[in-house]
Ligand code: PMP
């Protein structure tokens, strides 16, 4: 019989898929790593299992303990999955820009959710960083993974994402592109790929315009899960060769095209990463192999990027060609 012992055994081992339609005019091979095929639906499943394993080992998390974390949703799902299987309680703190669907996913897994305002400074007592710190202090037996500074986040990508990409490309990858949020994905994966290739792989960070990684001040942008208004320690700038800034419009356009033309229903940070990857690939020769990481799926954004009304309300053009029956019948 072929089966996984628990759903946790399905984390990682995600496939690479070649892009064939959004790559017009590009000679290089552009591959995407499809992280929504993780059981919790994102790359964050990888860090969740690593962080909880380490916390148990270090005695920071004991039976009956509570996990408290500020998260845009995906890390919460990963942590909720692992916590549920191992008998821990979870309390997640989310900024209010995170869609309701994402929130409901967390509660579906049995986690508790606290929502905080997006439009306050990180040091404001109402910010999601401050609220989660307070809860971690006040709840007995609480453990705060702190994905922004926990070295087991980048380590999980060093131990799994990097080796998977290196093996699946037979060591032929020349460029790795990932959106930067905590910086864990790019730092861990990038470090592995640099070591494996003796420095030959170029590591490219994709960042929303306005975020600090591309020289911004933290000005608001709408793509979720990427960009920061401070410098997390999970981010290792020494690994990153280049940062490409991408606008919300360009990220969302590419997100819609990935669904429509490549059959990949993914989130806005995936559109951001692919937009950056294609911009780079345009100047590369035929033998270049560019790998972009797609962190999560698009189902959490149906009421946003994939909603005509939402896109128009923020002034974005939509690729929609919704028609009435009368238009089609003539
Ligand atoms: N995209 C999404 C949707 C995310 O949730 C995250 C994690 N914050 C990222 C990209 C960025 O990954 P990392 O935190 O490893 O930089």
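Residue by residue, here is whether (1) closer than 16 Å to residue 20 by Cα; (2) within 15 Å of the ligand (Cβ to nearest atom); (3) out of contact with any strand residue (DSSP E or B) (no Cβ under 7 Å at 6 or more places or on another chain) holds:
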site: 245; (1), (2), (3): no, no, no
site: 249; (1), (2), (3): no, no, yes
site: 265; (1), (2), (3): yes, yes, no
site: 274; (1), (2), (3): yes, yes, no
site: 301; (1), (2), (3): no, yes, yes
site: 312; (1), (2), (3): no, no, yes
site: 315; (1), (2), (3): no, no, yes
site: 326; (1), (2), (3): no, no, yes
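The residue pairs whose first member lies in the stretch 216-234 and is at negative phi, whose second member is at pLDDT below 90 and away from the ligand (no atom under 13 Å from the Cβ), and whose beta carbons are closer than 7 Å, counting only pairs six or more residues apart or on different chains, are 229/122; 229/218; 230/122. When 250, 261, 224, 228 are checked against the criterion of being outside any strand (DSSP E or B), closer than 29 Å to residue 27 by Cα and in contact with a helix residue (DSSP H, G or I) (Cβ under 7 Å, 6 or more places away or on another chain), a single residue qualifies: 250. Of the residues in the stretch 123-132, at least one is surrounded by 19 or more Cβ atoms within 10 Å (Cβ to Cβ) and either in contact with a helix residue (DSSP H, G or I) (Cβ under 6 Å, 6 or more places away or on another chain) or assigned to a loop (DSSP other than H, G, I, E, B) (or both). Applying a threshold of 7 Å to beta carbon distances and a minimum spacing of six or more residues, or different chains, the list of pairs starting in the stretch 53-64 at a residue that is at pLDDT 95 or above and ending at one that is part of a helix (DSSP H, G or I) reads 54/152; 61/52; 61/55.
Flag not set for residue 187, criterion: within 13 Å of the ligand (Cβ to nearest atom), under 19 Å from the mean Cα position of the chain (by Cα) and in a loop (DSSP other than H, G, I, E, B).
The values are calculated or read from the model by the stated rules, or taken from the named source; none is laboratory data. All values derive from a computational prediction rather than experimental measurement. Because the Cβ atoms are built from the backbone with ideal geometry, glycine has one as well, and the counts that use them run over all protein chains shown.
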